[in-house]
């Protein structure tokens, strides 16, 4: 895995050096991020020598330690996107409080807010600080958000006191990392077919009809699925987005090209998540030459395109098929109709006119309508997080739909 190790200011910071070595022995790539206080205990050079990677110490310094620039200003986003797991060890009371309250005043805290990767936190501090009501509340806030807390050990502390607060043993921290990473690889063995973006339907050699889809939601699903261990095939309409790491991308342009690519690869998939905004209609007779401008109105005859979702779901067998519904009115009613008529297992529906939703945004507001009657309304959140929730629901549905039938006794 690609692990980012956050090191904060405490006597136990020296133990993080051994943690880097142990993680590397397991085959993990480790990049260290140090807070200003951590540098009072261990030098960045130590971690750079051990990890073989640059140690990040400031929010705005560039890779050579020079003047701030655009690249350095958004580096926390780049690190967040390539990180498979964020481990903070040791974690002081201060960093735990900042994580819990959403404070972003240095690289590590900003990275925490920008990342959707799983987080493991190993606290180390004075016993009274650990037992303080404020710290306990902050720890519970993080736990409620899914952060894995590796409880500190009891023993003699550097301050001279005895009690809980000493950094947990390295074996315990490594076990927590393994547990969290294993849980996040819950799609290993799956082949997920994802569609994304719009299609373009030609009027003539220079003009076409398309919708406003940016492809961001489908690409977020593809990236999340790949990070969770799946083999991902992404069938993409024309968008200005980079292919997520580890994803096989198939470029298409028209609805018919997308239909052909999806049908061709559907047999290899165990899950299909069709997020593309495929054109419902196309010009019935596209012109071979450019249509000249005239004074008279121009009428264009449109014909329906093939319903890709309905076509693949008709022959889905044991596969899970997910469709999307971008609506402007009667969202729930239209989504449930689509769920039934298309034979889908899950419909991800949203009102594109709602604040925080719609096209070409980084956030979305959706409701998941499942075939087993469950409706799950999600608040506004980044599309990367929406993607995770969709995958969680797919796995839940798989366990429900494919659960063995209960045995009945003939007593």
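Quick note: the coordinates plus some simple rules give every number you see, no bench work behind them. Because the structure is a prediction, the values reported are computed rather than measured.
How big is D for the stretch 2-183, in µm² s⁻¹ as a whole number, if Stokes-Einstein is applied with the Kirkwood radius of its Cα pairs at 4 °C and 1.567 mPa s?
79 µm²/s
For the stretch 2-183, the share of DSSP beta bridges that are antiparallel, to the nearest 5, is 20%.
To the nearest ten degrees, helix 15-25 and the longest principal axis of the Cα atoms of the chain are 50 degrees apart. Kirkwood hydrodynamic radius computed over the stretch 194-331 comes to 16.1 Å, based on all pairs of distinct alpha carbons. Our note on the geometry: Cα centres of the stretch 259-277 and the stretch 337-385, 19 Å apart.
Mean projected area of the Cα convex hull of the stretch 78-118, taken over all directions, amounts to 2.8 nm². When its C-alpha radius of gyration is set against 2.2 N^0.38 Å (N residues), the chain gives a value of 1.17. Dividing the mean sequence gap of close Cα pairs (under 8 Å, 6+ apart) by how many residues the chain holds gives a relative contact order of 10 percent. What percent antiparallel are the DSSP beta bridges of the stretch 276-411, to the nearest 5? Percent antiparallel among DSSP bridges in the stretch 276-411 is about 65.
Grab the alpha carbons of the stretch 256-391, take their convex hull, and tell me the volume per residue in Å³. Before the final figure, lay out each step's value.
Values: hull volume 21.1 nm³, N = 136.
About 155 Å³ per residue, rounded to a whole number.
Against the main long axis of the alpha-carbon atoms of the chain, helix 383-401 sits at an angle near 80°. Distance from the Cα centre of the stretch 1-56 to that of the stretch 184-210, in angstrom? For the stretch 1-56 versus the stretch 184-210, the Cα centre distance is 40 Å. For the stretch 272-330, the C-alpha radius of gyration divided by 2.2 N^0.38 Å, with N the number of residues, is 1.66.
Expressed as a rounded percentage, what relative contact order does the stretch 2-183 have, with Cα pairs under 8 Å and six or more residues apart?
Reported relative contact order: 20 percent.
Using only alpha-carbon positions in the stretch 206-280, the gyration tensor eigenvalues give semi-axes of 21, 15, 10 Å once each is multiplied by 5 and square-rooted (largest first). Within the listed set 239, 300, 32, the residue fluctuating most in the Gaussian network model of the chain (springs between alpha-carbon atoms under 10 angstrom) is 300. What's the angle, to the nearest 10 degrees (0 to 90), between helix 170-183's Cα axis and the longest principal axis of the chain? For 170-183 against the chain, the angle is about 10 degrees. Comparing 26, 380, 342 in a Gaussian network model of the chain where C-alpha atoms under 10 Å apart are linked, the largest mean-square fluctuation is found at 26. Residues considered: 96, 173, 141. Largest GNM mean-square fluctuation over the chain, using C-alpha springs under 10 Å, is found at 141. Note on the stretch 138-229: percent of Cα-Cα distances in each 5 Å bin, starting at 0 and stopping at the bin with the largest distance, equals 3, 10, 11, 11, 12, 10, 9, 7, 6, 5, 5, 3, 2, 2, 1, 1, 0. Most simply put, the chain has about 30% antiparallel DSSP beta bridges, counting only bridges with both residues inside it. Helical runs assigned H by DSSP (4 residues or longer) give the chain a calculated mean residue ellipticity at 222 nm of -10000 deg cm²/dmol, each run adding -39500 (n - 2.57) before division by the residue total.
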